[in-house]
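Presented below is the structure to which this report refers.
Read-outs throughout are calculated quantities, based only on the coordinates presented, and are distinct from any laboratory measurement. Source: prediction; values computed, not measured. Here the Cβ positions follow ideal geometry from the backbone for every residue, glycine too, while neighbour counts run over all protein chains shown.
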Amino acid sequence: MQLFTRPDFDGVVSTAMITSVELIQEVNYSTPQDVIERQIEIDFGDAIVHLPFHPDARLWFQNHDASGVNPAMLKGVRGSYKAAASTSRLIYDFYHSDKLSKYSHLVDEVDRIAAANLTVDDIKSPNGWVLISYTVDPRFLQEHEYTSFLIDEIKLGLSPDQVIAKAPVAKRIKRYFQDEEVYQEMLAKHTKMNGKAIVTDFRDLETAPHGNRFSVFPAYPDGNVHIRLQAAGMRRVKASVSKSITNKTCNVDIGKMLEEFGGGGPAGAGTCMLGHKTADQRIEQIINKLKG
């Protein structure tokens, strides 16, 4: 049986647990979009973890409401697919196995990280599993060797400090802090407040910088939502919108609101694509809707 998962921290811990209790011959990494668009080759009987459902899967775990999936397609499918703090939590509770008992504290941490239940210190001075989670980033999607290495280390039952001491992890942590330094500089240059909205406009940059998506919130404590803009080709603009995790006063359902602009997402964050010529007008409309 193959296993397909998302290469983020929840996907890493989920995979570590499932490969401890199921016979998995191969682990593959994918994105939700690739699963939805059937861009990956899934064989009948494979496992899908922390990703949308695929009709050929016979083992599926995902921490989102599955009411949109035809119940007839779920006949014969093992697993757990419902709203939860993390996919790791669903797996831990589903198997209730002694083989997974060593993951108890780690799953608690994954719940906190996946739900973005983080403190300012977790963002500005991260350590432990939170810091390790920041090294697993979609920017490094093609660097599967590191993701697989992290899975193996977690399966050994090592403490976070022991994992951090490993050379590949230490190297990635150094890279993370270097990127964060540059990112903070770019945020300061390209960010302004519009009411309670923190607007970061990277449209004039050839390559938009990457950094911790939460680090903007301690830098702008009065803001309750972040709008990040960047060019998406010559004719489109990508708008990413997310609620602040430190100033929780935004009551707008972000995903539902962005559906009006051709995008979507969960209640706390989402994206949409805007036409280049009408982007400024549409951005202003988004900001007005966020104001309620």
Lys, Arg +1 and Asp, Glu -1 on Cβ, resulting dipole of the range 138-292 about Cα centre, debye, nearest 20: 320 debye
Report the FRET efficiency, 1/(1 + (r/R0)^6), for D253 and K192, where r is their Cβ-Cβ distance and R0 is 30 Å, rounded to 0.05. 0.75
Per Stokes-Einstein, at 25 °C and 0.890 mPa s, what whole-number D in µm² s⁻¹ belongs to the chain, with the Kirkwood radius over Cα pairs as the hydrodynamic radius? 121 µm²/s
Based on a Kirkwood Rh over C-alpha pairs, give the Stokes-Einstein translational diffusion coefficient of the range 190-290 at 25 °C and viscosity 0.890 mPa s in µm²/s. 182 µm²/s
Spin-label point model (7 Å from Cα, Cβ direction): what's the K82 to D152 distance in nm? 3.7 nm
Virtual spin-label span in nm between M73 and D204, 7 Å along Cα→Cβ: 4.5 nm
Once phi is turned into θ = phi - 60°, what whole-Hz ³J(HN,Hα) does the Karplus curve with 6.51, -1.76 and 1.60 give for every residue of the range 22-34, x standing for Gly and Pro? 10, 7, 10, 7, 8, 10, 10, 10, 8, 10, x, 4, 5
Which of the residue pairs K82/K243; K75/K243; K238/K291 have a Cα-Cα distance greater than 30 Å in the structure shown? K75/K243
For the range 147-234, what is the charge dipole size about the Cα centre, in debye to the nearest 20, if Lys and Arg each add +1 at the Cβ and Asp and Glu each add -1 at the Cβ? 120 debye
So who's got an amide H within less than 5 Å of the one on H276, skipping anything under 5 residues away but keeping other chains? H placed 1.01 Å off N, in plane. R236, V237
Whole-Å distance, taken between Cα centres, linking the range 86-104 and the range 155-218: 30 Å
Given charges at beta-carbon only (K, R positive; D, E negative), |dipole| of the chain in Debye: 760 debye
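Would you mind counting up the charge near D201? Only other residues with Cβ under 9 Å from its Cβ, with Lys and Arg at +1 and Asp and Glu at -1.
Value of the local net charge: +2.
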Quick one: pull the percentage of alpha-carbon pairs in the range 1-107 with a separation above 24 Å. 15 percent
The range 247-292-the range 48-74 distance, computed between alpha-carbon centres (Å): 27 Å
Karplus couplings for the range 270-277 from phi (6.51 cos²θ - 1.76 cosθ + 1.60, θ = phi - 60°), rounded to Hz, Gly and Pro as x? x, 9, 7, 9, 10, x, 4, 6
In order over the range 38-51: 3J(HN,Hα) from phi, Karplus 6.51/-1.76/1.60, θ = phi - 60°, whole Hz, x for each Gly or Pro, gives 6, 8, 10, 8, 9, 8, 4, x, 6, 9, 10, 10, 6, 9
As I understand it, the dipole of the range 1-99 uses +1 on the Cβ of Lys and Arg and -1 on the Cβ of Asp and Glu, about the Cα centre. Which of S80, I18, H50 lies farthest toward its positive end? S80
Please give the peptides 81-91, 151-161, 53-63, 95-105 ranked by average Cβ packing (other Cβ atoms within 10 Å per residue), highest first, as a rough proxy for protection. 81-91, 53-63, 151-161, 95-105
Inter-probe distance in nm under a simple model that places probes 7 Å from Cα toward Cβ, at R236 and Q184: 3.4 nm
